[in-house]
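Worksheet for the structure shown next.
What follows draws every value from the coordinates through simple rules; no lab data is involved. On a predicted model such as this, the values are computed, not experimentally measured, just so you know. When we count neighbours, we look across all protein chains shown, and the Cβ atoms used for this are built from the backbone with ideal geometry, even at glycine.
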There are 2 protein chains.
Amino acid sequence: MAKGITKRADDYAQWYIDIVLKADMADYSPVKGCMVIKPNGYGIWERIQQHLDRMFKETGHVNAYFPVFIPESFLKKEAEHVKGFAPECAVVTHGGGKLLEEPLVIRPTSETIIWSTYKNWISSYRDLPILINQWANVCRWEMRTRLFLRTTEFLWQEGHTAHATHEEAEEETVRMVHVYRRFAEEYMAMPVVVGRKTEQEKFAGAEHTYCIEALMQDGKALQAGTSHHLGQNFAKAFDVKFQDRDKELKYVYATSWGVSTRLIGGIVMTHSDDNGLVIPPRLAPLPVVFVPIWKSDAERDVVCEKAREITRDWDPLFYRIDDRDQYKPGYKFNDWELKGVPIRVEIGPRDVQNNTVVAVRRDTGEKQALSMDGLREHLTRLLDDIQNNLFARAEQRTRDNTHTVDDYEEYKARIDQGGFFRVFLDHANPEVEAKLQEDTRSTVRCIPFDAPDEEGPCMITGKLCKGRVIAAQAY
Amino acid sequence: MAKGITKRADDYAQWYIDIVLKADMADYSPVKGCMVIKPNGYGIWERIQQHLDRMFKETGHVNAYFPVFIPESFLKKEAEHVKGFAPECAVVTHGGGKLLEEPLVIRPTSETIIWSTYKNWISSYRDLPILINQWANVCRWEMRTRLFLRTTEFLWQEGHTAHATHEEAEEETVRMVHVYRRFAEEYMAMPVVVGRKTEQEKFAGAEHTYCIEALMQDGKALQAGTSHHLGQNFAKAFDVKFQDRDKELKYVYATSWGVSTRLIGGIVMTHSDDNGLVIPPRLAPLPVVFVPIWKSDAERDVVCEKAREITRDWDPLFYRIDDRDQYKPGYKFNDWELKGVPIRVEIGPRDVQNNTVVAVRRDTGEKQALSMDGLREHLTRLLDDIQNNLFARAEQRTRDNTHTVDDYEEYKARIDQGGFFRVFLDHANPEVEAKLQEDTRSTVRCIPFDAPDEEGPCMITGKLCKGRVIAAQAY
C-alpha cells in the first residue's frame with residue numbers, strides 16, 4: 001500500500017481506479033463523465049493506433065475524416081439505429097450565437113453521416129468497394145462512467161466499408177474481427193474469444209455483429225472490439241444504389257467496425273498487479289528505464305556516463321536514463337514499477353567494473369545480470385519473453401476460469417465468482433436472455449466461432465439448443 | 001479544361017475549389033460549414049502529423065487528450081478570451097435526453113479546459129515545465145467557409161505548455177514558431193515570413209502572438225501557424241500557482257501554439273497549377289506511380305511483370321502500379337497529374353527491352369529516361385530535386401511579389417494586385433489598422449523578426465515608426 005494502491009483482493013474496482021490515477025494514465029475532468037487522457041495513458045493509445053493503423057492499411061483500408069456533427073434527422077432514418085443511439089446523444093442547439101434550424105447531434109458513431117456522403121460517391125460497381133477508416137472522438141451520454149472503460153467522450157477508430165455483394169461484406173466483417181483478435185493477442189497479450197453477438201446484443205442497425213471478448217482478472221468479461229455486417233440497412237435508409245455489371249440498380253452492402261480507448265482499460269485489467277501498471281512491451285511507450293545508482297558525486301558521474309555510453313546509438317524511444325537527483329533509487333524503482341515500464345536496468349559502480357547491469361522484469365520481478373556487451377539485443381529478447389509470458393499467463397487464467405455448466409442453479413451459484421461460462425441457452429428467445437440478466441446480472445457475451453458441434457437443453461427453458469454460448473458478467 | 005478545372009488566370013477562387021474537389025481531397029458535408037476530408041486529402045494530413053509530431057517530440061513534448069466539451073463558464077474566466085471566442089461557439093444544451101444544468105461549448109481552442117486541469121497537476125516548481133500537445137478537432141462557427149481554409153469544424157494540433165518563468169515561456173513561444181517555420185519550408189516547400197502579430201491581431205488572451213505567414217500564388221497572404229505567449233493570464237483566470245525554489249507562491253506562465261488542416265489549403269495554393277494538384281514529395285501520400293503501357297494482352301503481361309519485378313523490395317508506401325484495365329494510359333496520366341503524384345513512371349514494351357523507364361516530373365512536366373538499374377535511388381534523387389525546385393520557385397515568387405512602399409496612395413493603387421507590402425505603419429494605434437482594413441481590405445500580417453533596423457513615417461498618419469511591417473490582403 002506504499003503507493004496508495006488498493007489491493008486487488010480487497011476491492012478490485014478501487015484497485016483499477018488507483019492504477020489509472022496513480023500511474024498518471026488519466027484524470028477526471030470538470031465535465032461530468034469525460035476524462036483527460038494523460039501522457040502516460042495517451043502514449044499507449046499512440047502505440048495502439050500505430051499498430052492497428054498499419055494492420056488496416058495492410059488489409060487495403062485508407063483513412064478519411066467525417067464531421068463530428070450529425071443532423072438529428074439523419075439518425076432517425078434507420079429505425080433500429082435511432083432507438084439504440086438517440087437516448088445517449090449530446091445535442092447542439094445553438095451555433096454562432098443563434099438557435100439552429102435543426103439540432104445537431106455529436107456523433108455517437110458515424111454510420112449516418114458517412115452513408116449520407118457515400119450516396120454521392122457511389123453510382124457504379126466500379127466505385128466499390130470503399131474501404132475507409134477514421135480515427136475520431138465520439139460521444140455517448142453515460143450515466144455511470146469509469147475511466148477508459150466507459151466515458152461520455154472517448155477516442156476510437158471506426159471502419160465503414162461499402163460493397164457490391166452480401167458475400168464481400170461478410171468477408172470484410174469476418175476479416176476485421178480477426179484483425180482485432182490478432183491485435184489483442186499479439187500486441188495487447190490479451191487472449192480473446194471470437195464470436196457472434198445474439199440478436200439482443202448486436203449493434204443497433206446491424207444484420208449481425210461479431211466481437212472479441214476478453215476475461216479480466218476479476219472474472220468479468222470485457223467486450224474489446226466489434227465488427228458489424230450492416231446488410232443493406234444504411235444503403236436503404238440513405239438510398240445508396242449502384243449500377244452492377246448486369247446493369248441493374250442495387251442497394252450497397254455495408255460493414256462497420258471499431259475499437260476504442262476502452263482497450264487501455266483492458267490492458268490494465270489483464271496484466272497489472274498490486275504494485276501498479278503492467279504494460280505489454282509491444283505497446284509500452286517506454287520499454288526500458290535505466291536507474292543509475294550512486295553514493296557520491298564521483299560515482300554519479302561514472303555510472304551516468306556509462307549508461308549514456310552504452311545507449312549512445314539506441315533509439316531514444318526505446319529507453320530513458322532516470323538521472324534525477326532529487327529522488328533515491330528506491331523511490332525510482334517504485335515509480336517505474338507503478339508506471340508499468342517492462343524492464344528496469346540498474347547500474348551501479350560495481351556493475352561498471354564488472355561490465356554488467358542488473359535487469360529487472362516488471363512481469364515477474366525477476367532479476368538477472370546481463371553483460372553490457374550486446375545489451376540492446378539481450379533486452380530485446382527479454383522484452384519478447386515478457387510479451388510471451390504475459391500472454392501465456394493471461395491465457396492460462398482465461399482457461400482456468402472458463403467453466404462448462406449445464407444446470408441453472410449451479411450457474412446462479414457460481415456466476416458471481418466470475419469467469420466465462422459455456423452454457424446452452426435459447427438466445428433466439430429474447431425472454432430467456434432477459435431472465436438471465438435479471439437473475440444473474442450476466443449476459444451472453446458471444447456465440448463463439450469455434451464452439452464444438454454439440455447439442456443440449458437450454459439451462460433455463462430446457463429447449464434443445466445447438467452449440468454452447470459464452471455467458472458472463474461484463475464491464 | 002479537360003479535367004473541368006477552371007484556369008487560375010480566369011478565377012482563382014474557383015480554381016482552388018475545383019482542385020480540392022476534383023483531386024478528391026475533400027467534399028462538402030450535409031452540415032453547413034463542415035467538410036469531409038477524403039482519403040487523398042487525409043493522406044496529406046497524416047504525413048503532416050507524422051513529421052510535426054516527430055518535431056514536437058524532438059523538442060521534448062508529449063501528447064495527451066482533453067475533453068471536447070468546455071463548461072460555458074470556463075470560457076468567461078479570461079476576459080479577452082471569451083470576447084474572442086464566445087461568438088463562434090457551438091453549444092450543447094442537451095445530453096442523454098435532458099436539459100443540461102450548464103451548457104457545454106464544443107472547444108474552439110482548449111486553453112480553458114486545459115488550465116482548469118493544470119491547476120490540479122501543478123503545485124511546485126518540480127512539476128514544471130509541462131510540455132503537452134494534443135491532436136484534436138475544434139469548432140468555430142463560421143459564416144463564410146472554404147474547404148480546408150476556413151471550416152466550422154477543423155482538425156489541428158494545439159500545444160499547451162506551463163513554465164516557471166516569463167523567460168522560459170518566451171523561449172518556448174519562439175522555439176515553436178521556428179518549428180513551424182522549419183516545417184513549412186522543409187516539408188511543405190512553402191517559404192514564410194516569421195514575425196509578431198500586432199496588438200489587434202494577436203490571440204484573444206495572449207500577451208503576444210508569433211506567426212508564420214506565406215504568400216499564395218494569387219498574392220494573398222495565408223496565416224499558416226501561430227505561437228502565443230499567454231503570460232500569466234490563464235494561470236490567473238484558473239488560479240494556477242506553484243511554490244518556487246525561493247518558497248514563494250507564483251502564477252505559472254503559459255504558451256500555446258497550433259497549426260491546422262488549413263495547411264493543406266496552403267499546399268494547394270502554393271504549388272498547384274491548371275492541370276491539378278502538386279504535392280511536395282515529402283508530404284505526398286504516394287510519391288511515385290507506375291503507368292504500364294501496352295497494346296496487347298501479351299504486352300500487358302510483360303510490362304506489368306517487369307514493373308512488379310523492379311519494385312519487388314520497395315516500400316509499398318513509396319509507389320503504386322496502376323494496372324487498371326478499364327482505363328487508357330492517357331486517362332491515367334491525366335488522373336495522376338490531377339491528384340498531384342510527384343513522379344509518374346511510364347513503362348512500355350520498348351522500355352523493357354532497353355532496360356529503361358520514362359520518368360515524368362509533376363512540377364515541370366519534364367520527361368527523362370532512367371535506367372532500371374538503381375531506379376529506386378534515381379527516383380529518390382528526383383524527388384529531392386522536385387522538393388527543392390518547388391521551394392525555390394515559391395521563394396522566387398514570394399520575393400518577386402514583396403514590395404516596399406512608402407506612399408499610401410501607391411499602396412491603395414497596388415494592394416489589389418496582391419503581394420506582401422513592406423510599409424511603415426503606426427500599428428500601436430488601433431484606428432490606423434482599422435482604417436487600413438476599411439480602405440484596402442488588407443491587414444498587418446506581422447512585424448517580421450528580421451525587419452531591418454529602419455525608421456520612417458507611418459504611411460497613413462505620418463508618425464515616425466521603427467521598422468517596417470508586412471501588410472497584405474489575406475485568407
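Holding the Cα-Cα limit at 25 Å, pick out from A:7/B:247; B:295/B:367; A:339/A:367; A:22/A:412 the pairs that are longer than that. From A:7/B:247; B:295/B:367; A:339/A:367; A:22/A:412, over 25 Å: A:7/B:247; A:22/A:412.
About its Cα centre, the dipole of chain A is roughly 760 debye, where the only charges are +1 on Lys and Arg Cβ and -1 on Asp and Glu Cβ. A Förster radius of 25 Å, combined with the Cβ-Cβ distance separating residue B:143 from residue B:466, puts the computed FRET efficiency at roughly 0.10. Over the C-alpha atoms of the protein assembly as shown, the Rg to Rh ratio, Rh being the Kirkwood estimate, stands at 0.98.
Working ranking of peptides A:19-32, B:354-367 by packing, defined as the average number of other Cβ atoms within 10 Å per residue, highest first, is A:19-32, B:354-367. Projecting 7 Å from Cα along the Cα-to-Cβ direction, the label point of residue B:406 sits 10.4 nm from its equivalents in the other copies, listed shortest first. Hull volume per residue, based on the alpha-carbon atoms of the stretch A:100-202 and their convex hull, is 169 Å³. Placing unit charges on the Cβ atoms only, positive for Lys and Arg and negative for Asp and Glu, gives the stretch A:12-271 a dipole magnitude near 360 debye about its Cα centre. Of the residues B:307, B:194, B:430, the one whose Cα sits farthest towards the positive end of the charge dipole of chain B is B:307 (charges of +1 on Lys and Arg Cβ, -1 on Asp and Glu Cβ, taken about the Cα centre).
Relative contact order, whole percent, for the stretch B:1-150 stands at 24, derived from Cα pairs under 8 Å and 6 or more residues apart.
Just to verify a number: FRET efficiency for residue A:150 and residue A:73, C-beta to C-beta distance, R0 = 22 Å, to 0.05? Taking R0 as 22 Å, the efficiency between residue A:150 and residue A:73 is 0.20.
The same position residue B:325 in the other copies lies at 7.4 nm from this copy, comparing label points 7 Å beyond Cα toward the beta-carbon, shortest first. What relative contact order, as a whole-number percentage, does chain B give when Cα pairs under 8 Å and 6 or more residues apart are counted? Taking the mean separation of contacting Cα pairs over the length of chain B, I get 14 percent.
Put a plus charge on the Cβ of each Lys and Arg, a minus charge on the Cβ of each Asp and Glu, and nothing anywhere else: the dipole of the stretch A:1-56 about its Cα centre is then about 60 debye. For the peptide A:96-103, the mean number of other protein chain Cβ atoms found within 10 angstrom of a residue's Cβ is 4.
One way to sum up the overall shape of chain B is the equivalent ellipsoid from its Cα gyration tensor, whose semi-axes run 44, 28, 22 Å, largest first. Mean sequence separation of contacting Cα pairs (under 8 Å, at least six apart), scaled by the length of the stretch A:350-421, corresponds to a relative contact order of 19 percent.
Here each label is just a point 7 Å from Cα along the line to Cβ, and for residue A:239 and residue A:317 those points are 4.7 nm apart.
Restriction of the GluC sites (Glu not before Pro) in the stretch B:156-216 to DSSP coil positions whose beta-carbon has at most 16 other beta-carbons within 10 angstrom yields B:199.
Note on the stretch A:336-475: Rg/Rh from Cα positions, Kirkwood definition for Rh, rounded to two decimals, is 1.28.
Here the stretch A:402-472 is described by how far its Cα atoms reach on the three principal axes: 28, 25, 18 Å, from widest to narrowest. Label-point spacing for residue B:305 across the identical copies (point 7 Å from Cα in the Cβ direction), in nm and ascending order: 6.4. Rounded to the nearest 0.05, what FRET efficiency do residue B:247 and residue A:380 give with R0 = 30 Å and r taken as the Cβ-Cβ distance? Could you check? So, using R0 = 30 Å, E works out to roughly 0.05. Residue separation of residue B:57 and residue B:126 scaled by 0.36 nm, minus their Cα-Cα distance, works out to 22.8 nm of gained length. Starting from the Kirkwood Rh over alpha-carbon pairs, what translational D in µm² s⁻¹ does the stretch A:13-161 have by Stokes-Einstein at 25 °C and 0.890 mPa s? The Stokes-Einstein estimate is 140 µm²/s. Listed values for the stretch B:411-428 are Karplus-derived 3J(HN,Hα) couplings in whole Hz (6.51 cos²θ - 1.76 cosθ + 1.60, θ = phi - 60°), namely 4, 4, 5, 9, 4, 5, 7, x, x, 7, 10, 8, 9, 8, 8, 7, 6, 5, and x replaces Gly and Pro. Please state, rounded to one decimal and in Å, the Kirkwood hydrodynamic radius that the stretch A:286-385 gives when every pair of distinct Cα atoms enters the mean of 1/r. Every distinct Cα pair counted, the radius reaches 13.5 Å.
Go through the stretch A:391-470 and name the trypsin sites (Lys or Arg not before Pro) that are in a DSSP coil and have 14 or fewer other Cβ atoms within 10 Å of their Cβ. Sites meeting the loop and neighbour criteria: A:441, A:463. A convex hull fitted around the alpha carbon atoms of the stretch A:184-307 yields 183 Å³ per residue.
The label point for residue A:102 and the one for residue A:10, both projected 7 Å from the Cα toward the Cβ, are 5.5 nm apart.
Computed over the Cα atoms of the stretch B:1-61, what is the convex hull's projected area averaged over all directions, in nm²? Orientation-averaged projected area of the Cα hull: 6.2 nm².
As an equivalent ellipsoid, the stretch A:368-419 spans semi-axes of 43, 8, 6 angstrom, where each value is the square root of five times an eigenvalue of the C-alpha gyration tensor, largest first.
With a simple spin-label model that places each label point 7 Å from the Cα along the Cα-to-Cβ direction, the separation between residue A:388 and residue B:453 comes to 6.8 nm.
All C-alpha pair distances within the stretch B:40-91, sorted into 10 Å bins from zero, spread as 19, 27, 30, 24, 0 percent across the bins. For residue A:76, the lysines whose Cα falls under 22 Å of its own Cα, not counting residues fewer than eight places away in the same chain, are A:119, A:202, A:236, A:241, B:32, B:98.
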